[in-house]
There are 2 protein chains.
Amino acid sequence: MRFGLFYEHQLPRPWSDGQELRLYQDALDQAEIADRVGFDCVWAVEHHFLEEYSHSSAPEVFLAAASQRTKRIRLGHGIVQLPPAVNHPARVAERIATLDLVSNGRVDFGTGESSSSAELGGFGVRRAEKRGQWQDAVDAITRMFVEEPFAGWSSEYLRMPPRNVLPKTVQKPHPPLWVACSRRETIQFAARNGIGALSFSFVEPEDAGKWVDEYYRIIASDECVPAGFAVNPNVTVVLPMMLHEDEATAIDRGIDGAHFFAFALAHYYGPTPHDPGRTNVWEEFQERRESRGFSREQIIANAETLNVNVGSLRGAVGTPAQVIDLIQRYESVGVDQISFVLQSGPNKHEHICESLELFGTAVLPHFTEGREEREAAKAERLAPAVEAALARRDPARKAPSGYRIDEDAEVARASRSRRPLGVEVRAAGRRRFRQGFYNLVHGRTDEQIERRFGPSAQRLFFAGMARAFDPSAAGGFTGELEFQLTRTTWTLVIGENRARAHPGPASDPSLALIVKTADFLRILAGDANPATLLMDGDLELRGDFDLAPRLSEMFGGPSPY
Amino acid sequence: MRFGLFYEHQLPRPWSDGQELRLYQDALDQAEIADRVGFDCVWAVEHHFLEEYSHSSAPEVFLAAASQRTKRIRLGHGIVQLPPAVNHPARVAERIATLDLVSNGRVDFGTGESSSSAELGGFGVRRAEKRGQWQDAVDAITRMFVEEPFAGWSSEYLRMPPRNVLPKTVQKPHPPLWVACSRRETIQFAARNGIGALSFSFVEPEDAGKWVDEYYRIIASDECVPAGFAVNPNVTVVLPMMLHEDEATAIDRGIDGAHFFAFALAHYYGPTPHDPGRTNVWEEFQERRESRGFSREQIIANAETLNVNVGSLRGAVGTPAQVIDLIQRYESVGVDQISFVLQSGPNKHEHICESLELFGTAVLPHFTEGREEREAAKAERLAPAVEAALARRDPARKAPSGYRIDEDAEVARASRSRRPLGVEVRAAGRRRFRQGFYNLVHGRTDEQIERRFGPSAQRLFFAGMARAFDPSAAGGFTGELEFQLTRTTWTLVIGENRARAHPGPASDPSLALIVKTADFLRILAGDANPATLLMDGDLELRGDFDLAPRLSEMFGGPSPY
């Protein structure tokens, strides 16, 4: 088991002068402590415009600074946003390689698609295309690392003539690759691409075990075709943390940060309205945390076992003994690294520093003995599969010599229209039916909502869901979903490429949801949290529970990464 | 007078493993020394794909690393490439602000357009649009620094909805702005925009004086409308340097680096063919340095006064006494900062370190006494002009509240076609006549060239130049240019918006060029250096000499930045 620190650089409102400076300088001090006490990696996200939730928009700069304050600790991008409208692939290759040079080969290269409306809308990235852009960019960037010269690119998303992209990385063929994962399908996706899974879904150890097994099964199978030129078989989970010998003190110091983290994430990745520069997420958190399942009192009254109820997001907030137990549960199911979030919400620098020191003396020693041997054994066990997987990847290209840089021809080629309009229209249509919902349901009583959405409105509504169905998010599922609302029942029949809706019960539903019409609409509008409804008994599920977390995305809703 | 260090991160071929690592680690050590001995700024360029000439493609990473190895020295981007296809303006604002945070407010924000074919072709940037893109991006980026939230943008080059761009800079309203300058017009341009001029043209002190006077005259005039929200009235010149008590040793250690720098710059900014990953610039340099005017012997045999012959680029390679004299010449004409290039070509780390230490003990003390008082007096003298200039700038906008992030609408707006096709066609036409020339003249005798380009070919050729005329590069010049070739004379009549060609002499030429037909074509093809021809007496100029350096760009040729 390896251990990381994870930075969003959170800064809840109200803001005052000098706070961002303090935030960054404190984080550099923390990285120095983490390096000294034995943490293995410091991760920093790349997020744009996500006020309060993340002021880490240029992590390459933070990590480069951290490289000179540390000696041994690895520096992880968790993650770089790969849509070319955000970061040109050549600029990504350049910054990763330069960071690898200043840090003497300590970079972990995490990748992702970006997923919040604030970011996709801000940079004009089409949601329907971002997965394709990720796949395309990873292929291009890893070739920039290994090809001399990079032999050029011509895809729907990137056109680039042959160039020698400089400098090159210290680690060969390139730094370990990771991808951000938020659910089972993306972990499978990571495995199929032969890269590390950075899981942000605050998964409990027992569920993580199923994911890990599936991940390593795919890594060892023909399904694994590496996206890069090396395989990085590793699963990391991200958890909030605050450590103290006294449990109540740990909770007092750390639970608001953990809860704010989850609340603000839901704020930006759901349809909650956001007015840039004005919306006060910290105030909204204080007003709504209880109703969203983030209750301080509930945590304090809770049992001693950590992270058994993800809905309330306890994470690794507790005593060294509790955290050792929690880590052992993740270790026993095969998780390779836990990356801890300490800097979140209003958590204090001095408490973070204390936690890091305590982790180094009281927790870490329990996991270091025999670690190198275990890792060597794992590498040996996987070596044949890794070798076989790499043989399936298209090799680096050797560009024929004699190419001449030709500015006019290259610029003209780069400007040819490359985006089929159809995709844009489909992407917009897919989510258009969701818009406006929030305003129609927020602050209304059950009666008001149910009056507005009678059977005829519901018919239109389910037809809209069927149209918005995204087969790529269904993970191959086909079958019936049944919705038992207050006075009506609806069924969505999911086929391989499309879905259709009909009124009335299903013949053999894979999953049935029993919920008041008003609450169902609140969930879809982002005005109610399904986890809270479940705990309070206001939402009942029957059948295949694994399908439930997928529903939002299957019908065009957002996923956290 | 202030002093900087300037980094391209050059690495002449042949390459071996570990060299780029050494290059970057050495540069960090050098920055540490520079900080200690009293240098004021370390500058790093942003160049892409310019093998051997510059492996500094992610300077934000290098400067961030340097920030933790230094305490006092400023960290300058010299420059960030602003065309949005290279760096999205929001990403630029983010990286500048983050660097300002990790360095506690030590950033200088140099900007530029990018200008080599390798870069423009590599990123698909239209040469005719890059100036407009620079102006547009500087306006947008400085608003991102000061507006909360940034109120959005809709121009030909950038569409972006309202967002709060984070984090914000430590320096208020934002770090000092600079722009890369390569000739008199761009220095005037810097002044009109109220920003510092970073001059890369290795100008001699006496010429620099004229530029400086003009710069400060414009700063104090109504012509100055600041591009940012602060005025940075400063002129920096860049010079190669190597210091030793013994002149011959200084030359031996530093002249190859200085010459390679200039040769490789000409390689990438002229039409010399480049085959990515294959062309060996260092070998070409060794073969051609003499014929291009970079003669080691000539330098060694030369007088003791530095930098009187820019064609041979001696710069500040010499003894402390020589360099003190040179600096005093620049100081006396009002240059504010000299930025020295030590890391160039094959120059050695230990010699660079020695030079820096020697500069600190033997040169710097001559310029620090009374410096703060002189700078305060200058600031006071300029204060009314600066205030008046800032009043001419459009103020920061206050976005109305109530905006809601709306991904679909924002993405749709961002995708609307924004580029009028005409610009592309014009830009391509402007330079198309230049292409192919190199291959037609390279390695041919005078006779072969003159046979190929008889009077009828010349007629087409001058008509092409007239068509390619770019009024924006003419700096307001109108008049006649006369070309006295071997057996024919041609005249170009420059009007305000267009030029026309006619055979025969001019009635009242502003400038006459007397040169063999073959050499004239070699110049235009990038196969001969006008400075060398001038020195060797193969090119004669009569009339307004200031016009000569402008000619290339007036007819669609490249400028270094």
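The values are calculated or read from the model by the stated rules, or taken from the named source; none is laboratory data. Every value quoted in this text rests on a predicted model; they were computed, and no experiment measured them. Quick reminder, even Gly has a Cβ in these numbers, built from the backbone with ideal geometry, and neighbours come from all protein chains shown.
Considering segment A:169-200, and only residues there that are part of a loop (DSSP other than H, G, I, E, B) and in contact with a Phe, Trp or Tyr (Cβ under 7 Å, 6 or more places away or on another chain), the residue that is surrounded by the fewest Cβ atoms within 10 Å (Cβ to Cβ) turns out to be A:PRO173. Number of residues in segment A:182-208 that are under 14 Å from the mean Cα position of the chain (by Cα) and within 19 Å of A:ARG314 (Cβ to Cβ) equals 5. Could we say that A:SER114 is at positive phi and crowded, with 22+ Cβ neighbours inside 10 Å here? When the stated conditions are applied, A:SER114 passes them. Applying the set (1) in contact with a His (Cβ under 9 Å, 6 or more places away or on another chain); (2) surrounded by fewer than 16 Cβ atoms within 10 Å (Cβ to Cβ); (3) not β-branched (Val, Ile, Thr) to A:GLU496 leaves exactly one unmet item: (1). Considering A:VAL203, A:VAL165, the condition of being buried (at least 24 other Cβ atoms within 10 Å of the Cβ) and farther than 30 Å from A:TYR330 by Cα is satisfied by A:VAL165 alone. Suppose the filter is surrounded by fewer than 22 Cβ atoms within 10 Å (Cβ to Cβ), farther than 13 Å from A:ALA93 by Cα and not hydrophobic (A, V, I, L, M, F, W, C); does A:GLY122 pass it? For A:GLY122, the condition - surrounded by fewer than 22 Cβ atoms within 10 Å (Cβ to Cβ), farther than 13 Å from A:ALA93 by Cα and not hydrophobic (A, V, I, L, M, F, W, C) - is not met. Counted as qualifying within segment A:69-151 are the helices (runs of 4 or more DSSP H) with 2 or more residues that are more than 10 Å from chain B (Cβ to nearest Cβ), in contact with a Ser or Thr (Cβ under 9 Å, 6 or more places away or on another chain) and in contact (Cβ under 8 Å) with a residue 60 or more places away in the chain, namely A:130-146. For segment B:519-536, residues that are within 18 Å of B:THR272 (Cβ to Cβ), in contact (Cβ under 8 Å) with a residue 60 or more places away in the chain and among the hydrophobic types (A, V, I, L, M, F, W, C) total 4.
Which one is nearest to the other protein chains (Cβ to nearest Cβ), of the residues in segment B:8-43 that are assigned to a loop (DSSP other than H, G, I, E, B) and among the acidic types (Asp, Glu)?
Taking segment B:8-43 first, the residues assigned to a loop (DSSP other than H, G, I, E, B) are B:8-18, B:38-40.
Right, trim to among the acidic types (Asp, Glu) and you get B:8, B:17, B:40.
On the way: B:GLU8: 12, B:ASP17: 9, B:ASP40: 20 Å.
Among those residues, the one meeting the criterion is B:ASP17.
None of B:LEU342, B:LEU356 is in contact with a strand residue (DSSP E or B) (Cβ under 6 Å, 6 or more places away or on another chain) and either assigned by the TED database to the domain that holds B:VAL235 or farther than 30 Å from B:ARG22 by Cα (or both) except B:LEU342.
Hey, can you tell me all the residues within segment B:374-415 that are crowded, with 17+ Cβ neighbours inside 10 Å and either free of Cβ contacts under 8 Å to residues at least 40 places away in the same chain or away from chain A (no Cβ under 14 Å) (or both)?
Step one: filter segment B:374-415 for residues crowded, with 17+ Cβ neighbours inside 10 Å, giving B:385-386, B:389-390, B:393, B:399, B:403, B:405, B:407-408, B:410-412, B:414.
Hits for segment B:374-415 are B:ALA385, B:VAL386, B:ALA389, B:LEU390, B:ARG393, B:GLU407, B:ASP408, B:VAL411, B:ALA412.
Residues considered: A:THR478, A:THR488. Of these, the only one that is farther than 25 Å from A:GLU214 by Cα and among the β-branched types (Val, Ile, Thr) is A:THR488. Considering every residue within segment B:276-287, establish whether at least one is at pLDDT 95 or above, surrounded by 24 or more Cβ atoms within 10 Å (Cβ to Cβ) and over 22 Å from B:PHE6 (Cα atoms). Within segment B:276-287, one or more residues are at pLDDT 95 or above, surrounded by 24 or more Cβ atoms within 10 Å (Cβ to Cβ) and over 22 Å from B:PHE6 (Cα atoms).
Of the residues that sit in segment A:44-66 and are charged (D, E, K, R) and facing chain B (nearest Cβ under 8 Å), which one is surrounded by the most Cβ atoms within 10 Å (Cβ to Cβ)?
Restricting to residues being charged (D, E, K, R) and facing chain B (nearest Cβ under 8 Å), the top hit is A:GLU60.
Regarding segment A:291-311, can at least one residue be identified that is touching a Phe, Trp or Tyr at 6+ places or on another chain (Cβ under 9 Å), part of a helix (DSSP H, G or I), farther than 27 Å from A:LEU440 by Cα and at pLDDT below 90? So far as segment A:291-311 goes, yes, one or more of its residues are touching a Phe, Trp or Tyr at 6+ places or on another chain (Cβ under 9 Å), part of a helix (DSSP H, G or I), farther than 27 Å from A:LEU440 by Cα and at pLDDT below 90.
Out of curiosity, is A:ASP252 free of Cβ contacts under 8 Å to residues at least 24 places away in the same chain and part of a loop (DSSP other than H, G, I, E, B)? So A:ASP252 fails the test. The set of residues from segment B:524-542 being crowded, with 18+ Cβ neighbours inside 10 Å and part of a strand (DSSP E or B) comprises just one member, B:LEU539.
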